[in-house]
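A.B. asks: This structure is in structure tokens; I'll ask about it shortly.
What follows draws every value from the coordinates through simple rules; no lab data is involved. Keep in mind it's a predicted model, so treat the numbers as computed, not measured. Methodologically, a virtual Cβ is constructed for each residue, glycine included, from the backbone with ideal geometry; neighbour enumeration extends over all protein chains shown.
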Amino acid sequence: MSFNREMDACSILNERRNVSSPSEAIDWDSLEQMPLGGKTIPEWLSELDAIAKEVEAELVSRDIGCHLVEVLEAVNLVLFESRGLTRSPVLVDSKHSYLHSVLSSRCGSAILLSIIYIEVCRRLGLTIVGSRVGEDFLIWPQTGYPEELFKVTSGHSLFAIVNGRCVEDPRSMASDLTGTSLLGLEIATNRDIIGIALANLIRLHWKRASRSNHGLMLTSPLRHVNDAGEKPNVMDKSNVPLLRPQDLRLAIMASERLLILQPHNWALRRDHGMMLYYNREYGKAVQELSICMAFAPEEEAEILEPFVEKLHLMRLESTWKSLGHTGRLTVP
């Protein structure tokens, strides 16, 4: 345990080597007052208002009306040319998954760019809806005549104008969509969109946290406990791999928020419990995994049961060893 604490301390120092932190933490009265990248949350949201005003100015300068195609072309011009927003081809940098970072760095994930597009259009009085199709999140203007979205004018359909290259990529499921199949898609609610963004954050931060342990999966310890070929009592604290603590904490925070939206998602709760285990919060891990067993299918609960039992013993052992000892144990 002492070795693990020292390794964690070294990892934290490495994480913060190039980061300046204040000597004293500031206790903010409200979330809106906390600065992010030099601005508060309301100030970052006002950036969306500013973008909408730029679109209105572009429409006025062209001396054109408010035809749907022209409005969307103006939105694209401001977002992707004037503002220079681009889509990150591979999600490896966490700053591409946070709104304030995307607005400042001008590079973001597909879901964040879709959120920005939806919010700018909402400020212009235009309703944009979306749905997940394969690995893509597609958006389009709400209309009673979806076939019009696929009519090609000036080389591109309205659907392609909004969603970009993925619609014209034959490898993408989006390339097979038509007006008829679009009607069969389930429209994502705000709750769904937040869930997609949070799930992306969990995957991203877990991947970053475990990148020094190639091939490590959240459920890897479950296989070892249930493998008949493993030695008995193979699971102990020394076998818990060391992960990057900052990214692990961020993955746990995203998971906590997603559980608020999906409290009965047993797989999500299992993964949350496993992240707590990797973070050596054994008591919380036992609690979350025990709740998971109540929702999980019977065969999954049978896999979890022996792991939870051993985890409970590890928690008791940690509590027992800590009683009456405030410093390092010595042998006389």
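A.B. asks: Can you work out the base-10 log of I(q)/I(0) for the stretch 182-223 at q = 0.20, 0.21, 0.25 1/Å, using the Debye formula on its C-alpha atoms alone?
C.D. replies: Normalising to I(0) and taking log10 leaves -0.72, -0.75, -0.86.
A.B. asks: Tell me the GluC sites (Glu not before Pro) within the stretch 146-224 that lie in a loop according to DSSP and have at most 13 other beta-carbon atoms within 10 Å.
C.D. replies: Listed in order of number, the matching sites are Glu186.
A.B. asks: Another one. Read phi for every residue in the stretch 127-140 and hand back ³J(HN,Hα) as whole Hz from Karplus 6.51 cos²θ - 1.76 cosθ + 1.60, θ = phi - 60°, with x for Gly and Pro.
C.D. replies: Ordered by residue, 3J(HN,Hα) equals 8, 10, 10, x, 7, 7, 10, x, 8, 9, 10, 9, 10, 7 Hz.
A.B. asks: Name the long-range amide H neighbours of Val133: under 5 Å, sequence gap of 5 or more, or other chain; modelled H, no Pro or chain starts.
C.D. replies: Close amide H contacts, sequence-distant or interchain: Leu138.
A.B. asks: Compute the length gained on full extension between Tyr145 and Arg87: take 0.36 nm times their separation in residues and subtract their Cα-Cα distance, giving the result in nm to one decimal.
C.D. replies: Additional length available on full extension: 18.0 nm.
A.B. asks: What's the local net charge at His156, with K and R +1, D and E -1, over the other residues with C-beta under 15 Å away? The partial results should precede the final answer.
C.D. replies: Values: positive: Lys151, Arg165; negative: Glu70, Glu73, Glu148, Glu168, Asp169.
Residues close to His156 contribute a combined charge of -3.
A.B. asks: Take every Cα-Cα pair in the stretch 35-119 and report what % of them are more than 16 Å apart.
C.D. replies: That fraction is 53 percent.
A.B. asks: Order these peptides, 242-251, 191-200, by their mean beta-carbon neighbour count within 10 angstrom, highest first.
C.D. replies: On the way: 242-251: 19.7, 191-200: 17.6.
Packing order, densest peptide first, comes out as 242-251, 191-200.
A.B. asks: Report the equivalent ellipsoid semi-axes for the stretch 126-184 in whole Å, largest first, defined as the square roots of five times the eigenvalues of the gyration tensor built from alpha carbon atoms.
C.D. replies: Sorted largest first and rounded, they come to 16, 14, 11 Å.
A.B. asks: Excluding Ser104 itself, calculate the net charge of residues whose Cβ lies under 14 Å from the Cβ of Ser104, where each Lys or Arg counts +1 and each Asp or Glu counts -1.
C.D. replies: Once positives and negatives cancel, what remains is +1.
A.B. asks: Which whole-Hz ³J(HN,Hα) couplings does the stretch 281-289 yield from phi under the Karplus relation 6.51 cos²θ - 1.76 cosθ + 1.60, θ = phi - 60°, glycine and proline marked x?
C.D. replies: 9, 5, x, 5, 5, 4, 4, 5, 6
A.B. asks: Does the stretch 37-187 come out rounded, prolate or oblate, given a ≥ b ≥ c as the square roots of the eigenvalues of its C-alpha gyration tensor, rounded meaning a/c under 1.5 and, failing that, prolate meaning a/b above b/c?
C.D. replies: Oblate shape, in that a/c is at least 1.5 and b/c is the bigger or equal ratio.
A.B. asks: Calculate the spin-label point distance for Glu56 paired with Trp28, positioning each point 7 Å from the Cα along the beta-carbon direction, and give it in nanometres.
C.D. replies: The two pseudo-label positions are separated by 2.8 nm.
A.B. asks: Same structure, new question: Order 91-97, 44-50, 161-167, 113-119 from most to least packed using the mean count of other Cβ atoms within 10 Å. Can you show the working numbers first?
C.D. replies: Values: 91-97: 16.9, 44-50: 15.3, 161-167: 19.1, 113-119: 21.1.
Listed from highest to lowest mean packing, they are 113-119, 161-167, 91-97, 44-50.
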